[in-house]
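The values are calculated or read from the model by the stated rules, or taken from the named source; none is laboratory data. Remember, predicted model here, so these are calculated numbers, not experimental data. Cβ sites come from the backbone with ideal geometry, for glycine too, and all protein chains shown count toward neighbours. SASA here: full protein model, heavy atoms, side chains in, ligands and nucleic acids out. Shrake-Rupley method; radii C 1.70, N 1.55, O 1.52, S 1.80 Å.
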Amino acid sequence: MRSARFTLDPAFTIGEVNPRIFGSFVEHLGRCVYTGVHEPDHPSADEAGLRTDVLDLVRELGVTTIRYPGGNFVSGYKWEDSVGPAEDRPRRLDLAWRSTETNQFGLSEYIAFLRKIGPQAEPMMALNLGTRGVAEALELQEYANHPSGTALSGLRVSHGDKDPFGIRLWCLGNEMDGPWQTGHKTAQEYGRLAAETARAMRQIDPEVELVACGSSNQSMPTFAEWEATVLAETYDLVDYVSLHAYYWPTDGDLDSFLASAVDMESFIDNVVATCDHVGARLKSKKKINLSFDEWNVWYLPRWEEHARTADPRDWPEAPRLLEDNYSVTDAVVFGSLLIALLRHADRVTVACLAQLVNVIAPIMTEPGGPAWRQTTFFPFAQASRYGRGQVLDVRVDSPTYETEKYGETDLLHATAVRGEDGSVTVFAVNRSRTESLPLEIALNGLELTSVVEHSALADADPDARNTLDEPERVTPHPVEGATLRDGALHAVLEPLSWNVIRLR
Ligand code: AHR
């Protein structure tokens with residue numbers, strides 16, 4: 001049996017994990033908001049119409065920052081529609097998802113939702129820079145954040161929100177490089193608009209943290225040139241550039257799909273290089289960090305097919321859209337994407353799993369019925385729980401396999417995080433669909449004496465999934481046999497598995 005190895009040493013670190021990398025995303029899309037987060041008639045609903053069964057799962061998932069209200073939706077969003085008495089709010093056409101938006105869930109409900117999750121939940125508000133601009137961004141900022149004594153802060157108070165929302169993190173638009181985006185722009189046009197919006201927002205509050213739109217994915221024809229042009233306009237005014245990436249098995253090519261993180265890591269490296277190139281050109285000491293504010297496994301062709309064939313006269317309310325049901329294979333790829341983010345914790349300091357409920361989500365709900373965990377729920381919950389501290393520099397020596405998209409690829413994908421108490425958690429994926437992978441980890445200068453747990457997500461049926469009828473078909477299971485001896489950890493990773501090995 002071929003085996004893999006690497007060395008951990010506390011002297012060699014990547015950087016501190018920012019809790020914001022365990023963020024997620026709630027968009028007005030399909031049933032993410034309506035009958036996902038918000039369902040006033042549901043038996044578990046609280047006085048604000050929020051599903052408490054979903055709130056419990058969101059807390060268990062361990063999400064931090066939650067991006068809102070889109071996504072593509074934001075490029076048609078009028079924030080004024082979403083505030084004030086719910087019965088007075090207008091119904092609008094949502095062009096992005098060909099739906100009717102009722103605005104029964106809005107800004108105030110979003111903030112209430114975050115507050116109910118707990119102090120770890122932080123707002124990340126996206127601005128409409130598609131059909132709107134500087135003035136509307138400033139008005140929203142004043143409504144949301146100014147304490148009182150002005151027309152818009154007074155309006156918020158009159159709507160029952162005495163305390164300001166304290167939104168610190170703002171996205172300057174969404175996927176403005178994409179021709180599908182309402183109000184799509186060239187890099188030059190967007191860069192100027194983002195710069196002017198940022199400059200004005202900083203006049204209200206110099207402490208805001210601003211995310212400029214990067215590319216919608218690494219394959220965009222404008223990739224890298226887009227970032228360079230936008231950052232040339234905004235470098236001193238923004239803190240982050242965004243990255244988005246979704247993966248699915250093209251033409252059933254599972255071997256390449258399992259190696260999706262190769263693309264994600266190269267995307268991150270290329271964006272870091274582009275940011276630093278612009279910084280060098282500007283002779284700036286400032287570093288731009290990365291906000292990977294949409295990432296996931298998404299069977300995108302299914303949506304494209306739906307968009308092609310849907311009746312153009314139909315504008316449904318909260319339709320079932322993008323309700324991907326994730327398999328064990330999907331969860332292993334998903335875990336590998338989490339590993340990729342952790343491996344770049346020095347520069348990726350915000351990340352949002354797209355999305356949170358029902359729409360390509362770790363949590364599913366049935367209207368009037370239960371809520372349950374998809375297979376992808378587990379890697380995220382474990383990473384958020386145990387992936388806090390310093391990321392150690394992991395350089396694997398692994399057997400490889402051949403993939404059509406990425407060539408020769410390591411079977412092992414791994415990272416390790418050292419907590420403040422000295423404990424270490426290893427996150428590892430075995431990409432082999434057929435073979436177990438023995439793993440040896442040399443532990444240099446780490447005083448680790450016991451294996452607390454080796455947990456794996458794997459199944460004899462890699463296509464197994466959780467469903468309404470069988471919501472607990474797939475859960476992580478304990479693995480026997482991981483041992484510490486002669487200064488090394490020895491474990492075996494099952495074929496096609498996501499693994500969490502905790503050492504104390
Ligand atoms: O998350 C689904 C969609 O994917 C978002 O609305 C958009 O930003 C991206 O293309």
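Things to note:
- Extension gain from D269 to K286, taking 0.36 nm per residue of separation minus the Cα-Cα distance: 4.4 nm
- The C-alpha atoms of the chain define a longest principal axis, and helix 377-386 lies at about 80 degrees to it.
- Annotation: amide H of A351 within the under-5 Å range of I21, F22, G23, F292, sequence separation 5 or more or interchain, hydrogens built in the peptide plane.
- Segment 206-251 and segment 52-120: distance between their alpha carbon centers, rounded to Å: 24
- Close amide H partners of V452, meaning residues 5 or more places away or on another chain with modelled amide H under 5 Å apart, are R502, L503, R504.
- Estimated distance in nm for a label pair at T150 and E447, the labels positioned 7 Å out from Cα along Cα-to-Cβ: 5.4
- The 1.4 Å probe gives accessible areas that order K285, K185, largest first, as K285, K185.
- Whole-Hz ³J(HN,Hα) from phi, Karplus 6.51 cos²θ - 1.76 cosθ + 1.60, for segment 340-346, glycine and proline x: 4, 5, 4, 5, 10, 5, 5
- Here the dipole of segment 224-278 is about 80 debye; that uses its Cα centre as origin and unit charges on the Cβ of Lys and Arg (positive) and Asp and Glu (negative).
- Residue by residue, segment 126-141 carries 3J(HN,Hα) couplings of 8, 9, 7, 10, x, 9, 10, x, 4, 4, 5, 5, 5, 5, 5, 4 Hz when phi is fed to the Karplus relation 6.51 cos²θ - 1.76 cosθ + 1.60 (θ = phi - 60°); x denotes Gly or Pro.
- Ranked by the mean number of other Cβ atoms within 10 Å of their residues, highest first, the peptides 415-421, 256-262 come out as 256-262, 415-421.
- Relative contact order (%) - criterion: Cα under 8 Å, at least six apart; region: segment 18-386: 23
- Amide H contacts under 5 Å for S99: D94, restricted to partners 5 or more places along the chain or on a different chain, H placed in the peptide plane at 1.01 Å from N.
- Surface accessible to a 1.4 Å probe, per residue, for the residues of segment 18-386, Å²: 35
- Gain on full extension, evaluated as 0.36 nm per residue between E470 and V157 minus their Cα-Cα distance, stands at 108.1 nm.
- Mean Cβ neighbour count within 10 Å, used as a protection proxy, ranking 35-43, 60-68 highest first: 60-68, 35-43
- Extension gain (nm, one decimal) between E366 and A232, 0.36 nm per residue minus Cα-Cα: 43.6 nm
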